[in-house]
Each structure stands twice: as structure tokens, then as C-alpha cells.
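Any read-out appearing in this document is the output of simple, stated calculations on the displayed coordinates, not a laboratory observation. All values reported here derive from a predicted model rather than from experimental measurement. Cβ placement follows ideal geometry from the backbone for every residue including glycine, while neighbour counts extend to all protein chains displayed.
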Amino acid sequence: SQQGEEDPQALSIQEGENATMNCSYKTSINNLQWYRQNSGRGLVHLILIRSNEREKHSGRLRVTLDTSKKSSSLLITASRAADTASYFCASSGSARQLTFGSGTQLTVLP
Amino acid sequence: GAVVSQHPSRVICKSGTSVKIECRSLDFQATTMFWYRQFPKQSLMLMATSNEGSKATYEQGVEKDKFLINHASLTLSTLTVTSAHPEDSSFYICSARNGRERASTDTQYFGPGTRLTVL
């Protein structure tokens with residue numbers, strides 16, 4: 001399977017703590033994207049990082065990309081209960097299709 | 001901007017019937033649309049890529065006669081699950097790509113998904 005891997009599969013933290021999710025992919029990419037999915041809903045695009053970028057910030061989100069290791073991480077700072085959701089990375093390669101990671105289920109406890 | 005709608009959001013049908021799901025880009029032209037399938041607590045798996053005015057490209061293992069895809073306009077793609085069976089029950093999600101974006105920054109915009117339950 002070409003699907004990427006994410007770890008951890010599940011993460012439970014207290015409100016105010018930081019949450020870090022890691023993603024690995026298998027082929028060369030144009031960009032890597034992170035999405036959020038609330039239970040039973042569609043995906044919400046969070047952030048895109050291009051292959052020539054190493055780090056990107058958006059509000060409480062920080063994404064890093066290491067193309068030599070084919071890996072990325074998503075950091076959510078000062079988490080809130082409303083951040084509870086599944087988070088997926090998705091790599092976009094030459095075919096401009098998205099290959100999704102296995103996802104991380106984040107639970108933020110109030 | 002960049003809103004994608006899907007209809008219906010939920011459908012329950014009897015085994016053997018066909019179900020059509022619509023995916024619309026509301027405020028941009030989508031030269032390419034994608035159809036995904038998601039089982040509970042799993043990730044999204046790409047089923048097919050649909051380009052406006054041409055035949056869809058199906059991923060390995062996806063039956064094109066079972067999952068009919070039509071992309072007749074720049075804002076509408078449809079997925080028809082033919083002769084549905086209980087094993088086709090799943091969450092189907094479409095996405096659309098804005099044809100004007102470059103490869104380095106192009107983003108897929110996702111619909112809210114359709115929950116199909118086949119009895």
C-alpha cells in the first residue's frame with residue numbers, strides 16, 4: 001500500500017497542552033497537507049507545506065517537513081477541547097493526487 | 001470561497017438498488033474531482049480521479065462498472081453505486097481541485113461526505 005503512516009494512532013491530552021502528530025510518506029512530493037476531520041464529517045484543510053519549505057506556521061499550528069526522511073509533523077499548541085478530531089496528513093506527488101496517512105485521533109480533555 | 005457540497009448527506013437503501021451521489025464545487029471551476037471511500041476509524045482511500053469531459057481513472061481494485069463516475073461539467077461530478085450490496089456501505093467523500101492552482105500549492109477541497117447504508 002502507498003498509504004502513509006501516522007503516529008500516534010491515538011493521543012489524549014489535557015486542555016492547554018501541546019499535541020504533536022507525526023507523518024511519514026513514501027514517494028517524492030510537491031507538497032504535504034494536513035487535514036482535520038470531525039467524526040462523521042468531511043475534511044477541513046488546515047495547512048499546506050511545499051516540498052522546498054521546512055517549517056510553516058498558521059495560528060496555533062506548526063508544521064515541519066523533512067524531505068530527506070520523508071516525514072512531517074503537526075504541532076497544535078495550547079490545545080482546546082474543540083481541537084478533538086482526527087488529523088490526517090496527505091502527500092501530493094507528481095500525479096497531483098493525495099495519498100493519506102493513517103490518521104491520528106486526538107482527544108483534548110477539558 | 002472553495003466550497004464543495006455533496007448530496008445526499010445520508011442514504012439508506014435496499015440491496016440491489018443503485019444510488020447516485022452528487023458532488024458540486026459551488027464557487028470555483030473544478031477541472032478535476034476525486035472520489036474517496038472511508039471505512040469507520042480508517043483513513044481515506046482514493047477510488048477514482050474524474051476529469052471534466054473525459055472518462056474517470058480508477059484506482060487498482062475499484063470496479064468501474066460498480067462505481068460509475070460522471071463529470072459532465074466543471075462544477076458537478078456524480079458517483080453512482082450500482083446494484084449496491086451491504087459491503088458497499090461506507091462513507092463516500094468527494095473533493096475538487098481548482099484548475100488554476102499550481103502543483104506546488106494546489107489544494108483539494110472536500111465535500112461533507114455521504115453516509116451510505118445498504119440493508
note = Any aspartates and glutamates whose Cα falls less than 15 Å from that of residue B:14, other than same-chain ones fewer than 8 residues away, would be B:87, B:88
note = Here, residue B:87 and residue A:39, labelled 7 Å along Cα→Cβ, have an inter-label distance in nm of 2.9
Residue B:117-residue B:59 FRET efficiency (beta carbon distance; Förster radius 22 Å; 0.05 resolution) = 0.40
task = Work from the charge dipole of the protein assembly as shown (Cβ charges, +1 for Lys and Arg, -1 for Asp and Glu, about the Cα centre) and give the residue of A:63, B:47, B:31 farthest towards its positive end.
result = B:31
ask   = Where the only charges are on Cβ atoms (+1 Lys, Arg; -1 Asp, Glu), what is the dipole of chain B about its Cα centre, to the nearest 20 debye?
value = 180
task = Could you pull out every one of the aspartates and glutamates with an alpha carbon less than 17 Å from that of residue A:70, ignoring same-chain neighbours closer than 8 positions?
result = A:5, A:6, A:7, A:53, A:55
message = Quick check: Cα centre of the range B:54-119 to Cα centre of the range B:3-31, how many Å?
response = 8
message = If a paramagnetic tag sat 7 Å from the Cα of residue B:13 along the Cα-Cβ line, which residues of the range B:73-99 would have the backbone N under 20 Å from that point?
response = B:76-95
task = Could you tell me which of the pairs A:56/B:64; A:56/B:20; A:26/A:56 are separated by over 28 angstrom between their Cα atoms in the structure shown?
result = A:56/B:64; A:56/B:20
